[in-house]
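Here's the structure we're looking at; comments come further down.
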Amino acid sequence: MRKTNLIVKIIGFLIIFSGVFYFFRTSDYYNLKILSSELSGIPWLYSSIGIIFSIIAAFAMQKNLDRWNNLNAAVKAEVGAVEELWLWSVHFPEEIKIKINKAIQTYLENIIKKGWMKSELGEKSKSVEQSLILFHDVLYDIAKNYPRLLPTSFYIFSEILKHRAARLHFASHKMPTVLRGMIFFAMMLMILLSFLIAVKNFWLDYIFTASIATLVFIVFIVLDDLDNPLLPGGWHLTTKDYEELLNRIKSNNQFN
């Protein structure tokens with residue numbers, strides 16, 4: 001599905017680009033003789049813009065890729081900590097075990113259904129926040145009735161909160177507007193100024209400029225996908241890990 005969406009975007013872009021290219025190339029504004037006389041300077045100036053665009057795009061891509069990796073690691077670590085708490089609950093009396101299982105299931109369900117996309121917007125889900133209260137209530141019961149088991153339980157819960165905070169941070173952290181605008185401006189310069197490099201043959205000129213434009217457009221799509229990791233795209237994090245853990249817990253409860 002994602003591959004199909006990418007192809008559709010590229011085809012749509014090429015259609016628009018082809019119309020603009022044909023209009024410009026066949027209009028009275030396009031003077032091949034004047035542009036050909038400037039071949040000693042225009043390609044060098046264009047190369048300079050290309051180098052600047054490459055540096056900016058590479059910087060932004062590396063930053064967004066680091067952020068995506070950190071977000072992915074935070075998700076894995078959060079799920080791992082929740083799973084560890086679930087496995088640790090096996091050693092508790094049945095009453096506490098049931099409460100922990102209920103708290104974990106509620107937490108996972110709220111993330112999957114309501115809390116996931118809110119983290120994309122930098123917002124905290126009220127339902128997820130309320131489910132954390134259940135964990136606090138369980139910790140209180142453990143501290144009151146089973147103090148020897150509290151240190152490990154509290155440590156695991158602290159790990160859940162730490163990795164959750166990291167997930168919310170990396171999910172909501174966006175590329176600065178100035179940097180995004182700079183990349184978009186450089187992308188437009190790369191595409192539009194490629195028209196000014198004089199190539200006598202119409203189709204050869206089209207292939208040359210269309211290739212540059214498509215490559216620049218794909219770079220922008222990749223940057224946009226990395227900047228929105230929870231939205232559908234080439235770099236898309238889903239609630240799959242949370243769903244798998246929730247299904248395991250429910251399946252285990254059915255057999256007990």
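The values are calculated or read from the model by the stated rules, or taken from the named source; none is laboratory data. Not measured: the values here are computed from a predicted model. For neighbour counting, all protein chains shown are included, and Cβ atoms are generated from backbone atoms with ideal geometry for every residue, glycine included. These accessible areas exclude ligands, DNA and RNA; they are computed on the full protein's heavy atoms, side chains included. Shrake-Rupley method; radii C 1.70, N 1.55, O 1.52, S 1.80 Å.
Structure summary
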item	result
Residue that is open to solvent by less than 20 Å² (accessible area, probe 1.4 Å), under 12 Å from the mean Cα position of the chain (by Cα) and at pLDDT below 90, where the choices are D227, D205	D227
Options P229, P176; residue that is closer than 30 Å to V75 by Cβ and in contact (Cβ under 8 Å) with a residue 40 or more places away in the chain	P229
Of residues in the range 44-93 being among the small types (G, A, S) and open to solvent by 50 Å² or more (accessible area, probe 1.4 Å), the one nearest to the chain's Cα centre (by Cα)	A73
Residues located in the range 233-250, provided they are over 21 Å from F184 (Cβ atoms) and either open to solvent by 50 Å² or more (accessible area, probe 1.4 Å) or in a loop (DSSP other than H, G, I, E, B) (or both)	H236, L237, T238, T239, K240, E243, E244, N247, R248, K250
Segments classed as helices (runs of 4 or more DSSP H), wholly inside the range 45-164, with at least 3 members that are on the phi < 0 side of the Ramachandran plot, out of contact with any Pro (no Cβ under 6 Å at 6 or more places or on another chain) and without any contact (Cβ under 8 Å) to a residue 12 or more places away in the chain	94-110, 126-145
Test: residue in the range 174-191 that is open to solvent by less than 30 Å² (accessible area, probe 1.4 Å), within 23 Å of E109 (Cα to Cα) and in a helix (DSSP H, G or I)	no
